[in-house]
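Notes follow once the structure below has been shown.
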Amino acid sequence: MGLWYPSLSPIHLVGYSDSDFAGYKLDRKSTSGTCHLLGSSLISWHSKKQACVALSTAEAEYIAAGSCCAHILWIKQQLEDFGLKISKVPLLCDNASAINLTKNHIQHSRTKHIEIRHHFIHDHITNGDCEIKFVSTERQLDDIFTKPLSKDRFYSLRNELGILDMHALS
């Protein structure tokens, strides 16, 4: 298996963010997953158990979106070092409540339990570094990094991420 990087692919960056709420059965911690595509090519991905127990799906997704935003900022800086300036990078998330939190964190009667460090995403959305958008669960590429999937769904997402059987290309 390998990643395919076509030479004529357009240069636009997009990030996907997802979580598996309370996926670990022993401690009920969630898994955050992110992946980043430059053009149609996967350039970065990660899957990590969250450090604290999220009290809601929205909180788990919000924490994952913050992680994705931080990585987008790092990639943007790397691209700027090569002379490529990219603004308003789309960050795709499949949870409307988490998206609403990034746009309006004043709902603090319901969100004051979320650690302050996770709210930095709001500033970067406001500054125009990222633009958080809704993606349907069917189009969420990041599911492959956070959840157990059926064989067909796994193969479909693997192909959409550009992970190909290199023997089939020969």
*Among the residues of the stretch 73-92, which ones are in contact with a Leu (Cβ under 7 Å, 6 or more places away or on another chain) and closer than 17 Å to Gln140 by Cα?*
Val89
*Out of all the residues in the stretch 106-151, which are modelled with pLDDT of 75 or more, assigned to a helix (DSSP H, G or I) and hydrophobic (A, V, I, L, M, F, W, C)?*
Phe120, Ile121, Ile125, Leu141, Ile144, Phe145
*Go through the residues of the stretch 19-29 one by one and say whether even a single one is out of contact with any Phe, Trp or Tyr (no Cβ under 8 Å at 6 or more places or on another chain), under 17 Å from Arg139 (Cβ atoms) and modelled with pLDDT of 90 or more.*
yes
*Would you tally the residues in the stretch 87-98 being surrounded by 12 or more Cβ atoms within 10 Å (Cβ to Cβ) and at pLDDT below 90?*
2
*asked:* Which residue is farthest from Tyr62 (Cα to Cα), if the candidates are limited to the stretch 129-157 and must be among the basic types (Lys, Arg) and free of Cβ contacts under 8 Å to residues at least 60 places away in the same chain?
replied: Lys151
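The values are calculated or read from the model by the stated rules, or taken from the named source; none is laboratory data. Not measured: the values here are computed from a predicted model. When we count neighbours, we look across all protein chains shown, and the Cβ atoms used for this are built from the backbone with ideal geometry, even at glycine.
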